[in-house]
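Enquirer: Before I ask anything, here is the structure I am working with.
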Amino acid sequence: MQKFVITGGNRLGGEIELQGCKNSALPIMAAAVLVQGKCILESCPNLTDVYSAARIINSLGCKCSVAGKIAEIDASAVSGSAIPEKLMGEMRSSIMFVGAILGRTGQCTFSIPGGCELGPRPIDMHLAAFSKLGAEISENGGEITCRLPKGRGHGSKISLSFPSVGATENIILCSVLAEGETVVNNAAREPEICDMCRFLRACGAKIKGDGESRIVIEGVEKLHGCEYCIMPDRIAGATYLAMTAAAGGAMILKNACIAEMEPFISVLEQTGCYICTADNRIYLRRGGRLKAIRDRIRTMPHPGFPTDAQAVLMAALAAADGTSVFEENIFDCRYRHTDALIKMGADIQVMGKAAVIRGVKGLHGADVEATDLRGGAAMAVAALGAEGTTSIGCINHIDRGYEKFEDNITSLGGRISRV
């Protein structure tokens with residue numbers, strides 16, 4: 001199994017261009033299943049999760065290919081409505097295909113999704129929403145079948161108990177071809193949901209209110225193909241900024257989604273880094289030692305601090321002056337990376353939802369293993385700021401979300417190799 005070997009101690013410097021957004025690309029690829037025609041997606045990141053999504057699409061009888069930064073999807077002839085268990089288990093976000101397949105074919109059979117082990121991610125909210133849209137749901141031996149008796153859903157008012165990104169996406173995907181109007185209250189407001197809705201509108205869908213807590217979808221008879229450019233990846237951007245903050249130096253992040261990254265940038269600025277934004281570029285410079293964050297960092301649904309950026313910021317703060325406190329409010333098992341950081345010399349104490357990081361003088365290299373996508377990225381952030389050499393195993397997790405990870409780090413002057 002491959003691993004990353006990183007030698008720290010080098011200040012970083014240079015420019016990198018931000019990749020297309022993983023968390024947009026996957027739901028947009030699912031949304032393309034609803035379209036009777038060809039969709040061309042530009043800025044599609046080359047990631048293992050994207051390839052898994054392509055395999056799901058092809059298993060339905062559609063045509064999907066990914067080459068360079070372009071994904072071409074032709075769902076004119078859908079011949080299947082079941083997601084194979086093996087493909088369902090490759091990534092947690094595979095659940096979003098259920099809403100699209102159900103909306104397009106009137107039926108979907110699937111199993112519980114796999115991916116990163118971040119604790120329970122119940123699909124009860126998804127199933128309850130499908131039921132309100134008219135689906136009959138049955139389970140047999142761990143296999144779930146959702147069926148719309150009339151072949152098409154009907155509009156409904158759905159109030160979510162929590163602004164779940166996945167549930168919001170699935171409701172939208174299932175309702176764009178339904179009869180009548182669907183209203184989603186307490187909807188998630190993440191930028192990636194807005195990106196998916198922009199794509200669907202480009203295909204002829206009628207959606208209003210995305211980015212707000214109330215979304216209204218008016219069902220249409222069919223959708224047509226389009227060409228669409230996927231938004232930049234704000235979490236990948238946060239990761240590379242955290243790397244430069246940890247190692248020191250200066251960098252320019254090109255093709256950045258500045259407004260969407262503001263919840264992260266505003267916190268990172270409190271560490272003493274100089275950050276300047278203009279013309280879709282973010283400039284960061286770190287001179288002296290980082291300072292701890294005075295206020296508790298609480299992960300929250302957008303526009304709060306993103307849970308996906310918690311681990312990479314924590315890695316940078318491990319060698320900051322002072323004590324920082326995180327409060328994880330989205331996932332139960334989002335601190336699994338802390339054992340690796342402690343092995344590298346960090347002083348971290350986890351107490352339920354809270355993690356207390358007392359900054360140390362410096363970190364040192366160690367042999368560690370990625371526990372999940374963002375946890376693995378956090379280990380790379382820490383390794384670049386540490387003395388000595390770090391070996392990171394299980395990098396298949398990192399490959400799920402970062403395109404040309406080692407190339408980007410190398411271009412900034414970091415020392416990393418894949419072996």
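Enquirer: If you check Leu284 against the conditions, is it closer than 22 Å to Ser24 by Cβ and either crowded, with 21+ Cβ neighbours inside 10 Å or of a type in the set (Phe, Trp, Tyr) (or both)?
Expert: Numbers: closer than 22 Å to Ser24 by Cβ: no; either crowded, with 21+ Cβ neighbours inside 10 Å or of a type in the set (Phe, Trp, Tyr) (or both): yes.
No; evaluated as a whole, the condition is false for this residue.
Enquirer: Looking at the structure I just gave you, is Glu221 over 16 Å from Pro303 (Cα atoms), charged (D, E, K, R) and not assigned by TED's automatic domain parsing to the domain that holds Ile293?
Expert: Values: over 16 Å from Pro303 (Cα atoms): yes; charged (D, E, K, R): yes; not assigned by TED's automatic domain parsing to the domain that holds Ile293: yes.
Yes; evaluated as a whole, the condition is true for this residue.
Enquirer: Looking at region 178-211, which of its residues are under 20 Å from Lys222 (Cβ atoms) and out of contact with any strand residue (DSSP E or B) (no Cβ under 7 Å at 6 or more places or on another chain)? It would help to see each step written out before you state the result.
Expert: Let us first name the residues in region 178-211 that are under 20 Å from Lys222 (Cβ atoms), namely 178-182, 196-208.
Result: Met196, Arg198.
Enquirer: State all residues of region 384-419 that are buried (at least 17 other Cβ atoms within 10 Å of the Cβ) and of a type in the set (Asp, Glu); if no residue qualifies, say none.
Expert: Correct list: Asp399, Glu403, Glu406.
Enquirer: State all residues of region 301-357 that are under 19 Å from the mean Cα position of the chain (by Cα) and in a helix (DSSP H, G or I); if no residue qualifies, say none.
Expert: Step one: filter region 301-357 for residues under 19 Å from the mean Cα position of the chain (by Cα), giving 301-315, 328-337.
Result: Thr307, Asp308, Ala309, Gln310, Ala311, Val312, Leu313, Met314, Ala315.
Enquirer: Here is a further query. Can Tyr240 be described as touching a strand residue (DSSP E or B) at 6+ places or on another chain (Cβ under 8 Å), surrounded by fewer than 24 Cβ atoms within 10 Å (Cβ to Cβ) and among the aromatic types (Phe, Trp, Tyr)?
Expert: Working: touching a strand residue (DSSP E or B) at 6+ places or on another chain (Cβ under 8 Å): yes; surrounded by fewer than 24 Cβ atoms within 10 Å (Cβ to Cβ): no; among the aromatic types (Phe, Trp, Tyr): yes.
When the stated conditions are applied, Tyr240 does not pass them.
Enquirer: Could you tell me whether Met261 is in contact with a helix residue (DSSP H, G or I) (Cβ under 9 Å, 6 or more places away or on another chain), in contact (Cβ under 8 Å) with a residue 12 or more places away in the chain, within 27 Å of Ala77 (Cβ to Cβ) and not small (Gly, Ala, Ser)?
Expert: no
The values are calculated or read from the model by the stated rules, or taken from the named source; none is laboratory data. On a predicted model such as this, the values are computed, not experimentally measured, just so you know. Here Cβ is always computed from backbone atoms with ideal geometry, including for glycine, and neighbour counts include all displayed protein chains.
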